[in-house]
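Worksheet for the structure shown next.
The values are calculated or read from the model by the stated rules, or taken from the named source; none is laboratory data. Values in this document were obtained by computation on a predicted structure and should not be read as measured data. Neighbour counts are summed over all protein chains in view; Cβ atoms, including those assigned to glycine, are modelled from backbone coordinates with ideal geometry. What goes into the accessible areas is simple: the full protein's heavy atoms, side chains included, and nothing from ligands, DNA or RNA. Shrake-Rupley method; radii C 1.70, N 1.55, O 1.52, S 1.80 Å.
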Amino acid sequence: MLRSDHILATVEMIQKENLDVRAVTMGINLLDCRGGGVSETCRRVEDKIGTAAARFVETCNKVSQKYGIPVVNKRISVTPIAFVGAGFDRHGFVELALALDRAATAAGVDILGGFSAQVEKGMTATDREYIASIPEALARTTKLCASINIASSQKGINMDALALIGQTVKDLAEFTREQSGFGAAKFVVFCNQPGDNPFMAGAIHGLEEADLVLNVGVSGPGVIARALDRLIHTRGRENLGLDDIAEEIKQTTFRVTRCGELIGRKVSEEMGIEFGVVDLSLAPTPTVGDSVGEILEILGVDVVGAPGSTAILAMLNDAVKKGGIFASKAVGGLSGAFIPVMEDEILAAAVGSGALCLEKLEAMTCVCSVGLDMIPIPGSVDADTISAIIADEMALGMINNKTTAVRLIPVPGKEAGEVVSFGGLFGASPIMPVRNVGKSSRFIAWGGRIPAPIHSFKN
Amino acid sequence: MGKQMVMSVMSKDRPGIVADITGTIYQLQGDLADLNQSVLCDYFTMILIATFDDSVTPEDVVAAFSHIPSETRLEVVVKEMKIPMEIAKAKRSPETYILTAQGKNKSGLVHRISLFCYQHGINILDLATTLNGDQYTMILQLDFSAVESVDDIRTSLTSSAEDAGLSVVLQHEDIFKATSEITLF
């Protein structure tokens with residue numbers, strides 16, 4: 001039997017705290033779409049996505065209406081495209097990108113991920129052509145997202161690929177110069193990339209997945225922030241310890257995750273597609289009151305980046321996982337707190353005031369999800385320095401057996417402190433200064449591989 | 001299969017009243033099915049369903065209840081059920097919605113909401129309200145099986161409630177189960 005206080009707690013969460021399901025992402029296997037040539041493959045890809053996702057957006061909207069909980073983004077992820085286009089040259093990959101973009105538009109989804117490759121150990125000739133196609137592919141499409149896995153705890157870091165990627169990020173920004181380098185915001189570099197993550201830009205439909213699968217991304221930093229505000233207000237700061245705070249985060253995450261799983265399972269039931277995982281990440285949006293940075297400030301640092309920020313984030317990340325894992329039958333993807341600078345108003349403000357620097361962000365990514373995400377840097381930063389920043393972040397993921405990722409935007413023609421805005425969910429931020437630019441070229445010039453780390457003697 | 005009866009009892013509350021009522025039914029060799037009781041400001045009320053032998057009449061049950069001691073007189077109503085309980089239960093709609101309405105207390109609030117439900121073909125399955133200071137809270141469990149568009153109901157309900165100074169939230173029952181119960185899917 002439902003109790004009144006439980007009902008009212010849930011009503012509070014829905015009414016005042018803007019509970020939503022951040023993303024329902026439909027994974028589609030494209031390995032069976034390979035035709036004799038580029039145009040036939042493109043046609044098959046469009047056909048398969050068109051058929052599989054025909055009722056997808058409509059079904060999400062129907063379920064969302066029935067339950068009164070908005071599904072903010074409807075997305076598609078596909079098999080990493082370098083596998084689908086094996087043997088194609090860069091022009092072939094651009095054609096594939098355009099076909100995927102058309103398919104995403106026809107299906108009515110917000111975004112499509114999976115223009116991707118997995119090169120953590122070595123690169124094929126196809127992989128090199130794929131990498132060369134990225135700037136043009138992303139500049140000529142609107143709904144497409146790209147990602148590449150260049151490192152893993154099992155295989156080490158592919159430094160040859162890494163050297164190419166620094167230049168790719170620069171070229172991407174240059175190709176989309178008119179939009180302040182927006183192309184780079186649609187490309188993310190991974191270590192230990194999961195195959196079932198519903199969040200963009202890094203969503204792919206991994207090779208280990210079934211033909212079609214539905215993954216759900218629940219979020220809700222706003223819900224957690226309001227729950228903590230209420231707890232502190234009703235019980236009094238002096239009567240609370242951090243264990244009480246962690247418990248509140250855990251219980252709130254439980255409720256948020258349950259709603260996401262309910263919506264996801266109903267959509268998958270209606271469509272007759274296997275339900276995959278719930279990814280219970282705290283993904284901020286530029287909307288006021290939907291910020292991970294705000295939670296850190298509520299928990300006791302006056303500004304994000306101050307000493308203590310990493311410890312608070314560690315506790316937050318862990319409590320989110322604990323609440324979510326108990327709530328859901330199947331948890332996967334990234335599952336933790338995200339700190340994408342441009343998408344989080346409080347983080348962006350901390351960059352603007354000089355409180356939050358790249359090195360502190362790097363430290364914070366050791367204890368939370370993803371990594372150096374959505375960070376605008378001066379357009380003048382050279383490719384090798386970008387590669388080296390990525391290498392550091394990859395090393396964190398490799399050694400700590402976790403997913404890390406980098407999404408840097410070298411904004412053409414702009415310097416540190418100037419503001420860049422992409423609008424919508426991509427947000428805005430002052431450009432972050434990068435220290436020690438141009439001092440890592442000898443390291444990047446080595447190439448080869450950083451060998452896989454030892455998996456015992458962990459201290 | 002015997003005779004199913006629905007009984008309603010109201011009295012001033014005291015310890016032992018449930019034991020007395022169920023003991024009386026036991027002595028009449030009745031078999032209890034569903035039961036619901038509530039205490040509001042020291043007054044006790046209970047509605048219950050039980051199966052008796054064909055020879056037992058509603059009058060016999062009322063007479064047996066009259067021996068139960070109570071500070072106020074025990075108000076009892078007993079009716080024989082026309083439709084067997086299993087069939088009545090099977091009719092229950094899977095489309096159950098929970099409506100909460102909160103606002104500053106004034107007279108006519110419950111009437112306004114219940115009239116709205118009636119006018120839109122919505123049956124109220126359960127209703128609980130509380131007054132806390134000057135804040136009035138209603139929680140209703142509603143049968144939406146006759147409703148065609150939840151969105152339309154939500155829109156007109158919100159505007160009707162706003163006129164009365166009430167803020168309303170209408171959600172499917174599944175959401176509350178999902179957030180409040182451990183076992184679910």
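Restricting to DSSP H runs of at least four residues, report the calculated mean residue ellipticity at 222 nm for chain B, -39500 (n - 2.57) per run over all residues, nearest 500 deg cm²/dmol. Before the final figure, lay out the partial values.
Details: 6 runs with 58 residues, N = 185.
Value at 222 nm, helices only, nearest 500: -9000 deg cm²/dmol.
Over the alpha carbons of the protein assembly as shown, what is the largest minus smallest coordinate on each principal axis, giving the biggest first in Å?
Principal extents (largest minus smallest coordinate, Cα): 99, 61, 55 Å.
Kindly provide the Kirkwood hydrodynamic radius of segment B:96-180 in Å, to one decimal, from all pairs of distinct alpha carbon atoms. Present the calculation step by step, with values, prior to reporting the outcome.
Values: mean 1/r = 0.0767 Å⁻¹.
After inverting the pairwise mean of 1/r, the radius is 13.0 Å.
Would segment A:308-450 count as rounded, prolate or oblate if I go by the C-alpha gyration tensor, calling it rounded below 1.5 in a/c and otherwise prolate when a/b exceeds b/c, oblate otherwise? Don't jump to the answer; show the numbers that get you there.
Numbers: a/c = 2.09, a/b = 1.31, b/c = 1.60.
Since a/c reaches 1.5 but b/c is at least a/b, the shape of segment A:308-450 is classed as oblate.
Helix B:17-27 sits at what angle to the longest principal axis of chain B, using alpha carbons and giving 0 to 90 degrees rounded to 10?
For helix B:17-27, the angle is close to 50 degrees.
How much of the DSSP beta bridge set in the protein assembly as shown is antiparallel, as a percent to the nearest 5? Display every interim value, and only then the final one.
Working: 66 of 99 bridges.
Antiparallel bridges: around 65 percent, rounded to the nearest 5.
Going by accessible area, probe 1.4 Å, with all protein chains left in place, what is the ranking of A:ARG140, A:ARG255, largest first?
Correct descending sequence by accessible area is A:ARG140, A:ARG255.
For segment B:3-88, what D do you get in µm² per second when you plug the Kirkwood radius from alpha-carbon pairs into Stokes-Einstein at 4 °C and 1.567 mPa s? The partial results should precede the final answer.
On the way: Rh = 13.1 Å.
My calculation gives 99 µm²/s for D.
Determine the share of segment B:3-88's accessible area contributed by carbon and sulfur atoms, expressed in whole percent, with a 1.4 angstrom probe.
Values: 2920 of 5180 Å².
Here carbon and sulfur together make up 56 percent of the probe-accessible area.
I'd like the interface area for chains A and B: accessible area of each alone minus the complex, both sides summed, 1.4 Å probe, protein heavy atoms only. What is it in Å² to the nearest 100? Write down the numbers at each step before the final one.
Details: alone 17910 and 11660 Å², together 27250 Å².
Summed over both sides, the interface buries about 2300 Å².
With a 1.4 Å probe and all protein chains left in place, how much of the accessible area of segment A:281-333 comes from carbon and sulfur atoms, in whole percent?
On the way: 1180 of 1900 Å².
Here it works out to 62 percent.
Using DSSP H assignments, which helices in chain A have an axial alpha-carbon span of 20 Å or above and a mean Kyte-Doolittle hydropathy of -1.0 or higher?
Details: long enough: A:38-52 (21 Å, -0.59); A:90-107 (26 Å, 0.49); A:125-139 (23 Å, 0.04); A:159-175 (24 Å, 0.66); A:221-235 (21 Å, 0.10); A:242-271 (43 Å, -0.48); A:309-327 (27 Å, 0.82); A:383-400 (26 Å, 0.94).
The answer, listed by residue number, is A:38-52, A:90-107, A:125-139, A:159-175, A:221-235, A:242-271, A:309-327, A:383-400.
Counting Lys +1, Arg +1, Asp -1, Glu -1, what net charge surrounds B:SER66 among other residues with beta carbon under 13 Å of its beta carbon?
Values: positive: B:ARG73; negative: B:ASP20, B:GLU59, B:ASP60, B:GLU75.
Taking every Cβ under 13 Å from that of B:SER66, the sum is -3.
So which residues in segment B:155-180 end up with at least 40 square angstrom less accessible surface once the other protein chains are there, compared with the chain by itself, probe 1.4 angstrom?
The answer is B:VAL169, B:GLN171, B:ASP174, B:ILE175, B:PHE176, B:ALA178, B:THR179, B:SER180 - residues whose exposure falls by at least 40 Å² when every protein chain is included.
If you add up the charges near A:GLY222, with Lys and Arg at +1 and Asp and Glu at -1, over every other residue whose beta carbon is less than 12 angstrom from its beta carbon, what do you get?
Neighbourhood net charge equals -4.
With every protein chain present, what is the per residue accessible area of segment A:111-171 (1.4 Å probe, Å²)? If you can, show how the numbers build up before the last one.
Details: 1750 Å² over 61 residues.
Per-residue value: 29 Å².
Per DSSP H run of n ≥ 4, the term is -39500 (n - 2.57); total these for chain A, divide by its residue number, and report the mean residue ellipticity at 222 nm rounded to 500 deg cm²/dmol. Present the calculation step by step, with values, prior to reporting the outcome.
Working: 15 runs with 203 residues, N = 459.
About -14000 deg cm²/dmol.
Provide A:LYS329, A:LYS16 ordered by accessible surface of protein heavy atoms (probe 1.4 Å), highest first.
On the way: A:LYS329 140, A:LYS16 120 Å².
The ordering from most to least exposed comes out as A:LYS329, A:LYS16.
Mind ranking B:SER8, A:SER77 by accessible surface for me, highest first, 1.4 Å probe? Spell out each step's value before the answer.
Working: B:SER8 50, A:SER77 5 Å².
Heavy-atom accessible area, descending, gives B:SER8, A:SER77.
For chain B, build the convex hull from the C-alpha positions and give me its volume per residue in Å³.
With only Cα atoms used, chain B gives 171 Å³ per residue.
State to the nearest 20 debye the size of the charge dipole of the protein assembly as shown about its Cα centre, where the only charges are +1 on K and R beta carbons and -1 on D and E beta carbons.
Numbers: 57 positive and 78 negative charges, 177 e Å.
The dipole of the protein assembly as shown has a size of about 860 debye.
When Cβ neighbours within 10 Å are restricted to other protein chains, what is their mean count per residue of peptide A:6-19?
Details: counts 5, 14, 6, 3, 10, 13, 2, 2, 5, 6, 2, 0, 0, 2.
Across A:6-19, the average partner-chain Cβ count within 10 Å equals 5.
Taking a probe of 1.4 angstrom, what is the accessible area of A:ASP5 in Å², to the nearest 10?
About 80 Å², rounded to the nearest 10.
Report the accessible area of B:ILE175, computed with a 1.4 Å probe over the heavy atoms of all protein chains in place, in Å² rounded to the nearest 10.
0 Å²
Which entries of A:LYS121/A:LYS402; A:LYS66/A:LYS186; B:LYS104/B:LYS177; A:LYS143/A:LYS322 show an alpha-carbon separation above 24 angstrom in the structure shown? The partial results should precede the final answer.
Working: A:LYS121/A:LYS402 17 Å; A:LYS66/A:LYS186 33 Å; B:LYS104/B:LYS177 28 Å; A:LYS143/A:LYS322 34 Å.
Where the Cα-Cα span goes over 24 Å, the pairs concerned are A:LYS66/A:LYS186; B:LYS104/B:LYS177; A:LYS143/A:LYS322.
Just to verify a number: what accessible area does A:LEU242 come out at with the full protein assembly present, 1.4 Å probe, Å² rounded to tens?
Counting only protein heavy atoms, A:LEU242 exposes about 110 Å² to solvent.
Counting pairs of alpha carbon atoms under 8 Å apart in space and at least six apart in sequence, what relative contact order in percent does chain B give?
Working: 273 pairs, mean separation 38.3, N = 185.
It comes to 21 percent, rounded to a whole number.
Given an 8 Å cut-off on Cα distances and at least 6 residues of separation, report the relative contact order of chain A as a percent.
Working: 1055 pairs, mean separation 79.3, N = 459.
It comes to 17 percent, rounded to a whole number.
Measure out, as a whole number of angstrom, how far apart the alpha-carbon centroids of segment A:195-227 and segment A:294-343 sit.
Their Cα centres are 16 Å away from one another.
Can you find, among A:GLN118, A:VAL278, A:ILE14, the residue sitting farthest towards the positive end of the charge dipole of chain A, where Lys and Arg contribute +1 and Asp and Glu -1 at Cβ?
A:VAL278
May I ask for the net charge around A:CYS60, where only other residues with Cβ less than 13 Å from the Cβ of A:CYS60 are counted and Lys, Arg are +1 while Asp, Glu are -1? All intermediate terms of the calculation are to be shown ahead of the outcome.
Numbers: positive: A:ARG22, A:ARG55, A:LYS62, A:LYS66, A:LYS74, A:ARG75, A:ARG265, A:LYS266; negative: A:ASP20, A:GLU58, A:ASP110, A:GLU269, A:GLU270.
So the environment of A:CYS60 carries a net charge of +3.
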